[in-house]
Amino acid sequence: MSSIQEQFDSVKSGDFVLTAGEYEGPLRINRPCIVDGSKSTLWATRGPVLLVDSPNVTIKDIRIEVTGNSTDADEQTAIKANYADVQIQNVGVNGMVVGLSAQEEAWNLPAVISLGAFAANKENVFSVEIDAAASAELVESIRDVNIHPLVLQPGNNRITIETTSMRDNTILYGEILVKTAVIRRIYVTGKAQKDAPEHHDQDPIVDNQPISNPVQIEPPHEVIAPIITESNVEHIKRGQRISLKEAKQSVIKVAYEQRGIKQAIDIDGYAFELQANGKVRTDSDLIFFGNPVSQDNAVRSSSANNLPLLLVEPNKLDNSVEKVAICFSIYGDDITQNFSLVDTPIVRVFADERELYRYRLDDLKVEKTVVAVEFYRYKGDWKISFVGAGYRSGLKQLCESFGVNVE
């Protein structure tokens, strides 16, 4: 497949319109045009991810991300414009923005606001201080959460986050959009617990440290081999069950991949550590980007190639864990955003770095969430079952079926 730069260079004049999906950059725009991302994501491990090297350029409907870590400012740049007249319309960024007219570069927003554990069945109030490089609008759509004010002024701002009454064992996660010429995201995480303190604090959360136990959100990125045709990789059908006896000392990696998407959607990975009754012991048995490591350190949430990856070490699992369910879910409540938008979702299973199995989730249509595979104890060893069971109602119903409440 040609790179995105090769695709752009092949279009000698006129607009450059992408098909919705994910594209690995960098991309250099060296002629006047409109770049229409069709709600795609353009990413690279280091920047500049998008370099505008021409006047009269418009960038629209795209998310541009730096996915790696670096102390070098240029490598942390999502957009670099050498011409200040570039026009931006509905562009999200993760990284610095350099050279745009009336767009400050030096934003230092927290990636995560972690509320920690807070009282269930009560209203809670938190304060957080945010330094804004310029005026910005805040937009939030987190259920049972209100924030105010909804406008940031240049300099230091104190933001109030209020949670309405949430049931015990409810995991909270969502995002606040910070809108200037571009859109930045701050994730909000936390969990309601019946024994946690009730918060009505006027003192702000300092340096993004939560008042109680933190909920982390940025898992480490992993590297896995690209999909290639290999005779020693077994292609799996739905319902197959296979012993992991030879691989139970390995790190089992379950990677989600896809050939493409018709519309920009976010797909996240989740793992549930389950008892013999099919329920979690506590909400911490749900492992995902907001709780990336299980209590027994046997299950981890991560990512590879900007897609979800779950890692399981069977020999480390607590004796009370009888099953680990691996799931993938399309983020959000919009029922039209479902797996019908995904071209060939694939699950790949590795033992350490060696790919063992490849499983196509061919039967998904209107489902928003799928239980892809399950690890389970069998006569003292571990087996893997390729399930492929989809849920139309999304993640919330699945979580509740496993004994976890999610808002």
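Any read-out appearing in this document is the output of simple, stated calculations on the displayed coordinates, not a laboratory observation. Quick caveat: nothing in here was measured; it's all calculated off a predicted structure. Note that we place each Cβ from the backbone using ideal geometry, even for glycine, and neighbour counts take in every protein chain shown.
Descriptive notes on the structure:
- Virtual spin-label span in nm between His235 and Lys12, 7 Å along Cα→Cβ: 4.0 nm
- The fraction of Cα-Cα pairs per 5 angstrom bin, counted from 0 for region 326-393, comes to 4, 16, 24, 21, 15, 10, 7, 2, 1 percent, rounded to whole percents.
- Both numbers refer to the Cα atoms of region 60-174; Rg and Dmax are 17.1, 53 Å.
- Among beta bridges that DSSP assigns inside the chain, antiparallel share in %, nearest 5: 65 percent
- Shape of region 4-98, Cα gyration tensor, a/c cut at 1.5: prolate
- Set of region 169-198 residues, backbone N closer than 20 Å to the point 7 Å along the Cα-Cβ line of Thr282: 169-173, 189-198
- Region 98-137 shape via C-alpha gyration tensor axes, a/c threshold 1.5: prolate
- Here Cα Rg over 2.2 N^0.38 Å was calculated from the structure, and among (1) 1.12; (2) 0.96; (3) 1.02 it sits at label (3).
- In region 221-406, Cα pairs under 8 Å separated by at least six residues give a relative contact order of 29 percent.
- Three-way shape label, region 265-328, alpha-carbon gyration tensor, a/c 1.5: prolate
- Listed by chain and number, the lysines placed with their C-alpha closer than 28 angstrom to that of Lys194 are Lys122, Lys279, Lys323, Lys396; residues fewer than eight positions away on the same chain are left out.
- Rounded FRET efficiency, nearest 0.05, which uses the C-beta distance separating Thr45 from Ala84 and R0 of 25 Å: 0.35
- q = 0.09, 0.14, 0.17 Å⁻¹, region 231-367: log10 I(q)/I(0) [Debye, one scatterer per Cα]: -0.28, -0.68, -1.01
- Residues within the reach of a label modelled at Ser340 (point 7 angstrom out along Cα to beta-carbon, backbone nitrogen below 17 Å), restricted to region 236-267, are 261-265.
- Highest-MSF residue in the chain out of Val280, Val11, Val139 [GNM, Cα springs under 10 Å]: Val11
- Taking amide hydrogens as placed 1.01 Å from N in the peptide plane, the amide H of Arg281 sits under 5 Å from those of Gln275, each at least 5 positions away in sequence or on another chain.
- Fully extended contour minus Cα-Cα distance, from Arg31 to His148, at 0.36 nm per residue: 37.9 nm
- Difference of contour (0.36 nm per residue) and Cα-Cα distance, Asp168 to Ser38: 42.8 nm
- With 19 Å as the limit, the listed pairs Lys237/Lys383; Lys60/Lys368; Lys262/Lys365 have Lys60/Lys368 beyond it between alpha carbons.
- Charge-dipole axis of the chain as Lys and Arg at +1 and Asp and Glu at -1 on Cβ define it, positive-most pick from Ile330, Val91, Asn121: Ile330
- Amide H contacts under 5 Å for Val98: Ile79, Lys80, Ala81, restricted to partners 5 or more places along the chain or on a different chain, H placed in the peptide plane at 1.01 Å from N.
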